[in-house]
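Undergrad: What follows is a structure written as structure tokens; I'll ask about it next.
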Amino acid sequence: MATGRTHRPATRSRGIPEATVARLPLYLRALTALSERSVPTVSSEELATAAGVNSAKLRKDFSYLGSYGTRGVGYDVEYLVYQISRELGLTQDWPVVIVGIGNLGAALANYGGFASRGFRVAALIDADPEMAGKPVAGIPVQHTDELEKIISDNGVSIGVIATPAGAAQQVCERLVAAGVTSILNFAPTVLSVPDGVDVRKVDLSIELQILAFHEQRKAGEEAAAEAALPAGERALPADAPRDTAPPGAAGRKGPEGDVPAVMPA
């Protein structure tokens, strides 16, 4: 099997837009689930729903791959799995190094989804001398002093940075100098890289902040909709007193005065 050093996907040379490239893994995940259920074909509408996009966008994306499906039948699931996997470079082995084996780095090392998608964790690297030699996910941690040799020996072109923010740029520069050309950055900082090096950033706190924005907007929209209702139709606060008297009870008098809302047994 080829390694990450011998071949790189030709998505850019073929003119596939970055937005389409970003959606290909979504299609592949949905198609893999269908393949595991032995589903032979799928319509564009069904696949688009499973991937969370609209069908017109899906058909446009697939046109860049030269795949147009068959009218009345749909797309061949196994062929699409192969076609997208090939386009993403997943039909070969990609050795990966993870730098920074704290809680996050250890969790990434233990993630089982890498191997099934063509990524082999070749090495775990950390700056703490006490971590050297300790196994994480069955792989002994190596010291950062050996970073360049590890990358060279394993033909690594993809590096994962899971260090604290203050160390990330220096680690990035060492990775690039050693020959790494693609970096997945989990450190909460922006990395500066030369041309020809691709960086993908994953920041969980930013994603949570975006979700908080949407929650706040939804709450504001609900409050505005409530305020627009006539006074009698607005929902009462949870702690507001409620009139629980049965219909027609208002104005009725008993021997002791007003009829209580709940009569004694």
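The values are calculated or read from the model by the stated rules, or taken from the named source; none is laboratory data. Keep in mind that this is a model prediction, so the values were computed, not measured. Here the Cβ is made from the backbone with ideal geometry for all residues, glycine too, and neighbour counts use every protein chain on show. The protein model used for the area step is the full one, side chains on, heavy atoms only, and it has no ligands, DNA or RNA in it. Shrake-Rupley method; radii C 1.70, N 1.55, O 1.52, S 1.80 Å.
Undergrad: As an exercise: evaluate LEU211 against (1) in a loop (DSSP other than H, G, I, E, B); (2) outside the structural domain of ILE125 (by TED's automatic domain parsing); (3) not polar (S, T, N, Q) and give the number of the one condition it does not meet.
TA: (1)
Undergrad: Within the stretch 67-95, can you find the residues that are under 17 Å from PHE114 (Cα atoms), at pLDDT below 90 and not β-branched (Val, Ile, Thr)?
TA: Once the filter is applied, which keeps residues that are under 17 Å from PHE114 (Cα atoms), at pLDDT below 90 and not β-branched (Val, Ile, Thr), the stretch 67-95 yields GLY89, LEU90, GLN92, ASP93.
Undergrad: OK, next. State all residues of the stretch 155-167 that are touching a residue at least 60 places away in the same chain (Cβ under 8 Å) and either assigned to a helix (DSSP H, G or I) or in contact with a Pro (Cβ under 7 Å, 6 or more places away or on another chain) (or both); if no residue qualifies, say none.
TA: Residues satisfying the conditions are GLY155, VAL156, ALA167.
Undergrad: Only one of SER205, SER182 is within 25 Å of ALA107 (Cβ to Cβ), modelled with pLDDT under 95 and of a type in the set (Gly, Ala, Ser). Can you tell me which? Talk me through it step by step, then tell me what you get.
TA: On the way: SER182 fails: modelled with pLDDT under 95.
The match here is SER205.
Undergrad: Would you check which residues across the stretch 138-164 are within 22 Å of the chain's Cα centre (by Cα) and open to solvent by 50 Å² or more (accessible area, probe 1.4 Å) and list them?
TA: PRO164
Undergrad: Check GLU226, GLU221 and return the single one that is open to solvent by 100 Å² or more (accessible area, probe 1.4 Å), part of a helix (DSSP H, G or I) and not hydroxyl-bearing (Ser, Thr, Tyr).
TA: Details: GLU226 fails: open to solvent by 100 Å² or more (accessible area, probe 1.4 Å).
Of the residues listed, the single one that is open to solvent by 100 Å² or more (accessible area, probe 1.4 Å), part of a helix (DSSP H, G or I) and not hydroxyl-bearing (Ser, Thr, Tyr) is GLU221.
Undergrad: Restrict the check to the stretch 80-91 and report whether at least one residue is over 28 Å from LEU175 (Cβ atoms) and open to solvent by 80 Å² or more (accessible area, probe 1.4 Å).
TA: yes
Undergrad: Right, here's the next one. Could you say whether any residue in the stretch 127-136 is of a type outside the set (D, E, K, R), in a strand (DSSP E or B) and open to solvent by less than 50 Å² (accessible area, probe 1.4 Å)?
TA: Yes, the stretch 127-136 has at least one match.
Undergrad: Here is a further query. Tell me, please, whether a residue that is closer than 30 Å to VAL141 by Cα, open to solvent by 30 Å² or more (accessible area, probe 1.4 Å) and not in a helix (DSSP H, G or I) can be found in the stretch 58-77.
TA: There is no residue in the stretch 58-77 that is closer than 30 Å to VAL141 by Cα, open to solvent by 30 Å² or more (accessible area, probe 1.4 Å) and not in a helix (DSSP H, G or I).
Undergrad: Which of (1) in contact (Cβ under 8 Å) with a residue 24 or more places away in the chain; (2) of a type outside the set (Ser, Thr, Tyr); (3) assigned to a helix (DSSP H, G or I) does GLY89 not meet, given it meets every other one?
TA: (3)
Undergrad: Next question, about the same structure. List the pairs whose first member sits in the stretch 5-27 and is at pLDDT below 50, whose second member is aliphatic (A, V, I, L, M) and surrounded by 16 or more Cβ atoms within 10 Å (Cβ to Cβ), and whose Cβ atoms are under 6 Å apart, counting only residues at least 6 apart or on separate chains?
TA: From the stretch 5-27, the pairs are THR11/VAL21.
Undergrad: Pull out all pairs, ordered by first then second residue, where Cβ-Cβ is under 9 Å, the residues are six or more apart or on different chains, the first lies in the stretch 62-73 and is at positive phi, and the second is open to solvent by 40 Å² or more (accessible area, probe 1.4 Å).
TA: That search, which allows pairs on different chains as well, returns GLY69/THR41; GLY69/ARG59; GLY69/ASP76.
Undergrad: With the requirement that a residue be farther than 18 Å from PHE114 by Cα and touching a Gly at 6+ places or on another chain (Cβ under 6 Å), what does the stretch 152-179 give you?
TA: THR163, LEU175
Undergrad: Can I ask one more? Pick out the one residue from PRO194, PRO140 that is within 22 Å of TYR111 (Cα to Cα) and either out of contact with any His (no Cβ under 6 Å at 6 or more places or on another chain) or not in a helix (DSSP H, G or I) (or both).
TA: PRO140
Undergrad: Checking ILE161 against (1) closer than 24 Å to GLN92 by Cα; (2) at pLDDT 95 or above; (3) touching a Lys or Arg at 6+ places or on another chain (Cβ under 9 Å), which test does it fail?
TA: Looking at each condition in turn, ILE161 falls short on (3).
Undergrad: Report, by residue number, each residue of the stretch 95-120 that is over 19 Å from GLY155 (Cα atoms), part of a helix (DSSP H, G or I), among the hydrophobic types (A, V, I, L, M, F, W, C) and in contact with a strand residue (DSSP E or B) (Cβ under 7 Å, 6 or more places away or on another chain).
TA: Those that are over 19 Å from GLY155 (Cα atoms), part of a helix (DSSP H, G or I), among the hydrophobic types (A, V, I, L, M, F, W, C) and in contact with a strand residue (DSSP E or B) (Cβ under 7 Å, 6 or more places away or on another chain): ALA106, LEU108.
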